[in-house]
């Protein structure tokens, strides 16, 4: 059975005091589902969050990393640096990294390789923008993003890969992605995996949905057969809302 996962991406939010306050609130919440729970604070608060949550079942993960092990990359963080403070999972390929920081499929392939070489788990993000959806090019775009960044890997590598589909067109555009649209794309993603790596691999990989999941829509979205959880943005900054989503399974 595939692992159910709810990961909260805090993005560039919360200073140290706010991080500690949110962690305190997270510790008060009760989990009733079997979902794996993750939170991704900013780099500056990763160790404090890890230390504060190490006795809980909430995993602290990173929002990004560089593909190099070390060197003249001012402002960047390597996989080994993350591991040195207890972080073993990293989000790569988020739509905001692609849009604002010009991350390409080729660059992301190198980041994935670096993470896996350091025995880290990867939450790999991808998804189409509004023009792609309106032109009915969404499946081709998603297929290209997945294949360009991941399909050089051996099948065994996918035990450390979690996929996260982000319909960029449904975030802050006034457009709405339905649970049925989420399911359709997740099923297409799983078929794309199966066509190259076989059904066993495809059925073992968790695929998360990252399209504005909220407490009032999480149960319907998570109820779809190919949706294994969510990558949560804004709602992850409120502990009660976040755990309402966690418990929606």
Quick one: in the range 142-157, which of the residues that are surrounded by fewer than 18 Cβ atoms within 10 Å (Cβ to Cβ) and touching a helix residue (DSSP H, G or I) at 6+ places or on another chain (Cβ under 7 Å) is nearest to residue 209 (Cα to Cα)?
143
Here the qualifying pairs (Cβ atoms under 6 Å; residues six or more apart or on different chains; first in the range 99-128 and modelled with pLDDT under 95; second part of a loop (DSSP other than H, G, I, E, B) and surrounded by fewer than 19 Cβ atoms within 10 Å (Cβ to Cβ)) come out as none
What do you reckon, is residue 191 without any contact (Cβ under 8 Å) to a residue 12 or more places away in the chain, out of contact with any strand residue (DSSP E or B) (no Cβ under 8 Å at 6 or more places or on another chain) and on the phi < 0 side of the Ramachandran plot?
yes
When the residues of the range 39-78 are narrowed to those that are in contact with a strand residue (DSSP E or B) (Cβ under 8 Å, 6 or more places away or on another chain), assigned to a loop (DSSP other than H, G, I, E, B) and without any contact (Cβ under 8 Å) to a residue 60 or more places away in the chain, which ends up surrounded by the most Cβ atoms within 10 Å (Cβ to Cβ)?
41
Residues that are surrounded by fewer than 23 Cβ atoms within 10 Å (Cβ to Cβ) and in contact with a helix residue (DSSP H, G or I) (Cβ under 7 Å, 6 or more places away or on another chain), drawn from the range 84-105
85, 86, 95, 103, 105
Any idea how many residues of the range 183-212 are in contact with a helix residue (DSSP H, G or I) (Cβ under 6 Å, 6 or more places away or on another chain) and closer than 23 Å to residue 99 by Cα?
3
Among the residues of the range 225-232, is any at pLDDT below 95 and assigned to a loop (DSSP other than H, G, I, E, B)?
no
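The values are calculated or read from the model by the stated rules, or taken from the named source; none is laboratory data. Bear in mind the structure is a predicted one, so any value in this text is a computation, not a measurement. As a convention, Cβ positions derive from the backbone with ideal geometry for all residues, glycine included, and neighbour counts pool all protein chains shown.
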